[in-house]
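Data block below; observations after.
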Amino acid sequence: MRIGMRVMRVRGMRGTRIVGTAWRWLVLMVVALVLLQLFFVGRIAMMQVLTPQSTAFERSEAWRVVVGQGSANWHQQWVSYANISDHLKRAVIACEDDGFVNHDGVDWNAIEKAWQKNTRATQQASRPTHPAKPPKVYGGSTITQQLAKNLFLSGERTLLRKGQELFLTMLLEALLDKPRILEIYLNHVEWGEGVFGAEAAARHYFGKPAAQLSAYEAARLAVMLPRPKYFEKLPHSSYVAGRASVIVGRMARSELP
């Protein structure tokens, strides 16, 4: 009888210790998560006056291109908002996020439309007539969301990462104004293998500074953004030319911040 009671007490103590350890780990994880968010708040707040030297995406690409491949093909040069052609600003807004000036960082209508398109594409790909063709994935990310992802996050697609992206998007919109968000975006977005930012792209493709880009040149660069490495190999393709002409026609309606 006494042995049985001792066993029960020992098991009870072990269970208490396990529960206590679990709670401690949970508290530590919550504290770490809170500290991480405070770190993000501080980093973004500093961007009001300090230009970010690099993004998480650029650092991963630099490691792949410069270290992994041993290539010296890396081009990036920061220029101020005033030294980026208004044509390029309008073209990027028209192509990537035509509601940039008016939304609070997230375009819920665009996300809903992208979800519907992805659902239809998945259903079509599952039919016997389309057995081998993978469905095309449509995005609903705004310029601010893209900047949040590139600045701080990895390329993995999980609900946790998406949640963090939305939180960072809200922070960017709360702490920075629209011109600053667009300025940082245009200076760090990818335009080819080791080509980052408007100035590097303008010089790489057209041999001129970003301030001197024409409307059509700006539209061609904007068309490349969804697949920059792919279109870098096909800069004179009929798709790029045709799509650029469409974007030029829409640029007059693009509102600048």
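The values are calculated or read from the model by the stated rules, or taken from the named source; none is laboratory data. Because the structure is predicted, anything quoted here is derived from the model rather than measured. We place every Cβ from the backbone using ideal geometry, glycine too, and count neighbours over all the protein chains shown.
Laid out as a table, the results:
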| item | result |
| --- | --- |
| Filtered residues of the range 51-64 (kept if part of a helix (DSSP H, G or I) and within 19 Å of Trp78 (Cβ to Cβ)) | Ala56, Phe57, Glu58, Arg59, Glu61, Ala62 |
| Test: residue in the range 191-200 that is more than 23 Å from the chain's Cα centre (by Cα) and surrounded by fewer than 21 Cβ atoms within 10 Å (Cβ to Cβ) | no |
| Residue in the range 144-153 that is part of a loop (DSSP other than H, G, I, E, B) and modelled with pLDDT under 90 present | yes |
| Any chance Ala211 is part of a helix (DSSP H, G or I), among the aliphatic types (A, V, I, L, M), surrounded by 14 or more Cβ atoms within 10 Å (Cβ to Cβ) and assigned by TED's automatic domain parsing to the domain that holds Ala62 | yes |
| Boolean, Val101 is part of a loop (DSSP other than H, G, I, E, B) and either under 16 Å from the mean Cα position of the chain (by Cα) or modelled with pLDDT of 75 or more (or both) | yes |
| Residues of the range 140-169 satisfying the condition of being touching a residue at least 60 places away in the same chain (Cβ under 8 Å) and loosely packed, with under 15 Cβ neighbours inside 10 Å | Ser154, Gly155, Leu166, Phe167 |
| Identity of the residue in the range 1-50, charged (D, E, K, R) and under 30 Å from Glu165 (Cβ atoms), that ends up modelled with the highest pLDDT | Arg43 |
| Output for the range 192-201, where each listed residue is touching a residue at least 40 places away in the same chain (Cβ under 8 Å) and part of a helix (DSSP H, G or I) | Ala198, Glu199, Ala200 |
